[in-house]
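Nothing in this text is a laboratory measurement; each read-out follows from the coordinates by a stated rule. All values reported here derive from a predicted model rather than from experimental measurement. In this analysis, Cβ positions are derived from the backbone assuming ideal geometry, glycine residues included, and neighbour counts consider all displayed protein chains.
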Amino acid sequence: MTESYDIAVIGAGVVGSAIARELSAYQLKILLLEKECDVALGTSGRNSGVSHAGFYVPTGTLKAELNIKGHEMMPALCRELGVPHHEVGKIVVAKDEDEREYLYELKETGEKNGSKSLRIIGKDEIKELEPNIRGIEALHSPKTAILDPFILNIALAENAQKNGVVIRLNTEVSDIESNGGFKIKTNRGVFAAGIVVNSAGLHSDKVAAMAGIEGYEIYPCRGEYHLLDKSKRGLINGAVYPVPPKELGGLGIHLTPTTDGNIMLGPSAEYIEDADNTANTSEVMDKLFMESFEFLPRISRKDIIRSFSGVRPKLIAAGSKAPADFVVEESRKVPGFINLIGIESPGLTAAPAIAKKVAGIVKEIRELKPNPVFDPIRRPQLRFGELSDREKSDLIKKNPNYGMVVCRCQTITKQEVIDAINNPLCATSIYGISKRCKATHGRCQGGFCTPKIVEILEQLCAASPNDINLKGAGSELFKGKRGTP
Amino acid sequence: MPANKYVCIICPNSCEIEAELSDNGKIRVKGNLCKKGEDYARKEICSPERGLTATILVDGGNLPLASVKLSKPIPKKLMKQAAAEITKIRVQAPLKIGDVVMKNILGTGADVVVTKNVGRNP
Amino acid sequence: MIKKEIDVVIVGGGPAGLAAAISARKEGVSNVLIVERGESLGGILNQCIHEGFGVERFDEALSGPEYMQRFIDEADKLKIPYLLNSMVLEVSHDKKLLVCSAEGLTVTHAKAVILCMGCRERTRGQVCIPGLRPAGIFTAGTAQNLINLRGYKIGEKVVILGSGDIGLIMARRMTLEGAQVLAVAEVMPYSSGLPRNMAQCLTDFEIPLYLSHTVTEIHGKKRVEAVTIAEVDSRWKPVAGTEKRIKCDTLLLSIGLIPENELSRKAGIAIDETTGGPVIDEDLQTSADGIFSCGNVLHVHDLVDWVSLEGEKAGKSAADYVKGQKEKGRMIKVRPKEGIRYVLPHQITGKQDVRFSLRVMAPERNMRLVIMDADKTVKTISKKRVNPAEMISFTLKKEELAGCRDISVKLENAG
């Protein structure tokens, strides 16, 4: 029996999930397909978590338009969905005369794009805003914000599901037949859909090709990051980007705080062959730290608690000077097939605006009747560690599981772990649980709490110990357990 | 390590002991700080022995496993086999340090002895 | 919120905490309380099922659980109260503790606090090992917990980074549990484990040890598929051309322990960045009045027997403090000099016997420890063998310390 939908969205990253949620505000049968065991395992879970104000994008592009719109929509969206969002601001810092021009170029671009709050500040104000940063002049963007990209993606998907979207994880598309409607072949059956939205990120070129749409090629470009211990959070207040070096070889580092209270160094940029190669390399990790240290000597190697990387789905090849814009359009060759290709930065910021644009495209294709029971609200997760002592005390009285601390580094309680395991998407990989409750994200990186989480997982899910995995099938933690057949 | 040089494992002093087996069957030992070390080297050169610690399964207890040890060292060459035998042991709680859960493992005369108290699960 | 008043609160019910609590009680303080975050007392020794503990203290080579049971039994006999599954969230400089448990959030006012939180393990992330981040990477202690306490089989083909005792012990343990340990890589040109552990854990099972080697890449997207190891130069930089790829499904990391002083730092207690633990005086008192520290949280130990001694000292000091018997005296600084990585305590009064603990910088033979007071030699102690992995302890009597103003300890050739 082939399941039949009005719309199938391929890829449950932040863009695909935003689209599914946007469309769930209408009376449509929507399917959201994701090949991984959870959302946010691709580029959506490997980025700086910044809602950009719109001065890094070329004027007149779709990127610029959707950046500005998305940035404006983001605070309200994050409130609706219970996503941590902090307007910490950003400064781009010039250290000498030669670098000042760059600041003015950025400001001009930003203003042409519609960014209204950019300002140039001098030495004294730099010191006031960022006591640990030195510079002669800086571009200050007070409205640049940081948000939790994992929670945003998860929240969009959960809210979409709440509003009727059917989400199928662990479902990889292998072929698409178009014959007055689409038949989508996956490893878990065939699905029929009237309209397909291709938001497959790093593999969106391949998915387009499956439907007979040639001509797109993704050039994967990897960015490595370091995550610093929370004890160093106070070194900067908002995001700080030194003006990128003109000479070749320099990485051009960014220092970005996270909503969890860490600081991220990075990303770097390196074109790679394999889009899924999210490795860290010794050369880049070294360079990333050294350049960051030169800029902010109060960090030390000991502060690095983790490194990771994300891959940008670029539409331009290495060395090419040709500008590349977002592709957000219905295919001319295959009507009803909407492609989202090349959604690299500012993809996260633009996601809500992309979703609205796609809804607009769908409206041109078919009638859209509003869903009268659409509920845009998702309640934020409770973070025990952020409550006042009184609130903590009252909570434990109501539920003793809040008194059992599982993750010591982040003060995450048993109930929070239980809630994370019982998530609506049924994503029970260790990564999935961790992204939701933040256990294992601290300085001991799960050394202390992993055995406890595994124990709770086994109890709650009656999972076989051999099924407990880090990030989906193939990443199982154990080869067996004593006493278990 | 040359064939007749041993690092004594009896205590943290870790003496480097030389033991020589001469043609007439006598063993000469030097480098040890105490008699235990001398005995150890003598054994090592002829019939090395080892202690073994492991875990056994416990049913109905407040812990799923209990740690165990051997009551005396066994021939080194039987270690892996002994470890495999111990893995098969499964007992009911309660357990006390000193309880014998297997007598005379692999005919060595060594017993498997519990080293962890396990209470009964209420 | 629940409020409590306790004379001596001991944070952590492992080897240090239990010894401290028993000692404080024996010194006459009845109102003591151990706050333990785990499900039982015993701390890390609960998972150390191997033998070798207690050789000095009991003249027996006990397993970890047996060693701890001696102290647990004594604590029970003395009816020392303890809380389990209770996490200290905060300690203030003036000894107020915020404790979180299923019973609720408690604010405990203590007259004295003894910090015994132990340590945590250095992680892959902290040493920036290149490569992917697959499942199958475990720190040795976490692996030990999963295998010894819970019975999980964590892998079949194992490479271990770090030849310290924990890595060596796990090499043996995993081999006996049926896994194949393919290699142990050690970045230093010598192993930091006890020679007898090298013998029992590597030589016995013919596990190859690669000194001056490190893991330069981890392979495998979902689960570890291989690691690349390479030789390193004196600055720990990989030497090109020496790479060796080893197919495996598990990487165990035994790359160091870090005293867990988050609570101490938040309380504003001064920390020695070399030891990773609090700055202390001869009574094991930290820079916060009435807050003491002992065990691995103060400095990482190799022998639990010495942890127990330190715990007993801290317990007595806390008891003296509560009884109002602690004198405040002028402090004489104690400094590490040539060849010495650190020496504790950091300062002394010179008015009582002091047990000093130290670690040397590098392994040497035929040395002598020279304890100086400014440029005057106070005492020399010959040492046939010294090793950074083996803590050295010696006691100076108050007669030997009389008149001293500026103590330092150095290591020199015995000549």
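By the rule of a C-alpha distance below 20 Å, with chain neighbours fewer than 8 residues away ignored, the aspartates and glutamates paired with residue A:369 are A:6, A:22.
With a cut-off of 12 Å between beta carbons, the residues surrounding residue C:168 carry a summed charge of 0, where Lys and Arg count +1 and Asp and Glu -1. Between residue A:233 and residue A:390, the FRET efficiency estimated from the beta carbon spacing at R0 = 25 angstrom works out to 0.50. Here are some pairs, B:5/C:313; A:123/A:143; B:96/C:313; A:397/B:116; which of them have Cα atoms lying more than 29 Å apart in this structure? Too far apart for the 29 Å limit: B:5/C:313; B:96/C:313; A:397/B:116.
Checking the a/c ratio against 1.5 first, then a/b against b/c, what shape does the Cα gyration tensor give for region C:1-75? Because a/c hits 1.5 or more and a/b fails to exceed b/c, region C:1-75 counts as oblate.
Packing here is the average count of other Cβ atoms within 10 Å per residue, and on that basis the peptides C:199-208, A:114-123, highest first, run C:199-208, A:114-123.
Overall shape of the protein assembly as shown was characterised from the C-alpha gyration tensor. The equivalent ellipsoid obtained from it has semi-axes of 54, 34, 29 Å, in decreasing order. Taking every pair of Cα atoms in chain B, average 1/r, invert it to obtain the Kirkwood radius, and report Rg/Rh to two decimals. That ratio equals 1.12.
In Å, what Kirkwood hydrodynamic radius results for region B:26-78 from the alpha-carbon pair distances?
For region B:26-78, the Kirkwood estimate is 13.6 Å.
Is the shape of chain C rounded, prolate or oblate, going by the alpha carbon gyration tensor and its root eigenvalues a ≥ b ≥ c, with a/c under 1.5 for rounded and a/b larger than b/c for prolate? Note, shape of chain C comes out oblate. Which of the GluC sites (Glu not before Pro) across region C:326-415 are loop residues per DSSP, with 10 or fewer other Cβ within 10 Å? When the GluC sites (Glu not before Pro) of region C:326-415 are filtered for loop state and at most 10 Cβ neighbours within 10 Å, C:327 remain. When the C-alpha to C-alpha distance is required to be over 20 Å, the pairs from B:76/C:384; A:63/A:356; A:435/C:157; A:357/A:471; C:96/C:328; B:76/C:247 that qualify are B:76/C:384; A:435/C:157; A:357/A:471; C:96/C:328; B:76/C:247. Distant-in-sequence amide contacts of residue B:61, defined by a placed amide H-H separation under 5 Å and a gap of 5 or more residues or a different chain, comprise B:93, B:121. With a 10 Å cut-off around each Cβ of C:172-178, the average count of Cβ atoms from other chains is 5. Using the average count of surrounding beta-carbon atoms within 10 Å as a protection proxy, the listed peptides C:31-43, C:236-248 rank, highest first, as C:31-43, C:236-248. Based on Cα contacts under 8 Å between residues 6+ apart, chain A shows a relative contact order of 19 percent.
If I measure Cβ to Cβ between cysteines in chain A, which ones have no partner under 4.7 Å? A:37, A:78, A:221, A:409, A:426, A:437, A:444, A:461 - these cysteines have no disulfide-compatible partner (Cβ-Cβ under 4.7 Å) in chain A. Among B:64, B:75, B:48, the largest mean-square fluctuation in a Gaussian network model of chain B (Cα springs under 10 Å) belongs to B:64.
Derived from the Cα gyration tensor, the three semi-axes of the equivalent ellipsoid of chain A are 34, 31, 21 Å, largest first. The residue A:4 and residue A:120 beta-carbon pair, evaluated with R₀ = 60 Å, returns a calculated FRET efficiency of approximately 0.60. The fewest-to-most ranking of A:71, A:203 by surrounding Cβ atoms within 10 Å reads A:203, A:71. Residue order for A:213, A:263, fewest other beta carbons within 10 angstrom first, comes to A:213, A:263. Placing +1 on each Lys and Arg Cβ and -1 on each Asp and Glu Cβ, with no other charges, gives the protein assembly as shown a dipole about its Cα centre of roughly 1820 debye.
In this calculation the C-beta distance from residue A:29 to residue B:72 is compared with R0 = 56 Å, giving a FRET efficiency of 0.20. What the pair-distance distribution of region C:258-372 shows, using all Cα-Cα distances binned every 10 Å from zero, is 13, 45, 34, 7, 1 percent. Beta bridges from DSSP with both residues in chain A: antiparallel share about 70 percent, rounded to the nearest 5. Based on the reciprocal of the average 1/r between different C-alpha atoms, the Kirkwood radius for region A:375-474 equals 14.0 Å. Proximity of backbone amide H atoms, modeled 1.01 Å from N, is registered between residue C:114 and C:9, C:10, C:11, C:292 at under 5 Å, excluding neighbours fewer than 5 places apart on the same chain. I'd like the GluC sites (Glu not before Pro) in region C:245-289 restricted to DSSP loop residues with at most 12 other Cβ atoms within 10 Å, sorted by number. Counting only loop positions with at most 12 other Cβ atoms within 10 Å, the GluC sites (Glu not before Pro) in region C:245-289 are C:273. Averaging the sequence gap over all C-alpha pairs within less than 8 Å and six or more residues apart, then dividing by the number of residues, gives chain C a relative contact order of 16 percent. Other residues whose C-beta falls under 11 angstrom from the C-beta of residue B:83 contribute a net charge of +3, scoring Lys and Arg +1 and Asp and Glu -1. Size descriptors for region C:133-186, from the alpha-carbon set: Rg then Dmax equal 10.1, 28 Å. Put a dot 7 Å past the Cα of residue B:4, heading toward its Cβ, do the same for residue A:399, and the two dots end up 7.2 nm apart. The overall shape of region A:51-202 is prolate: from the C-alpha gyration tensor, with semi-axes ordered a ≥ b ≥ c, the ratio a/c is 1.5 or greater and a/b exceeds b/c. Take the alpha-carbon centre of region C:205-252, take the same for region C:263-298, and report the distance between them in whole Å. Measuring centre to centre over Cα atoms gives 37 Å. Could you run the Debye sum over the Cα atoms of region A:265-375, one equal point scatterer each and no solvent, and tell me log10 of I(q)/I(0) at q = 0.10, 0.21 Å⁻¹, two decimals? With no solvent term, the Cα-only Debye profile gives -0.51, -1.21.
Spin-label pair residue C:368-residue A:363: with each label point 7 Å from Cα along the Cα-Cβ axis, the two points sit 9.2 nm from one another. Remark: relative contact order (region C:274-392) = 21 percent; criterion is Cα-Cα distance under 8 angstrom and separation of 6 or more residues. Simple spin-label estimate for residue A:286 and residue A:128 gives 4.3 nm between the two label positions (7 Å along the Cα-to-Cβ direction from each Cα). Take the Cα of residue A:426, go 7 Å toward its beta carbon, and the backbone nitrogen atoms of region A:130-165 under 19 Å from that spot belong to A:154-155, A:157-165.
Ranking of A:185, C:79 by neighbouring Cβ atoms within 10 Å, starting from the fewest: C:79, A:185.
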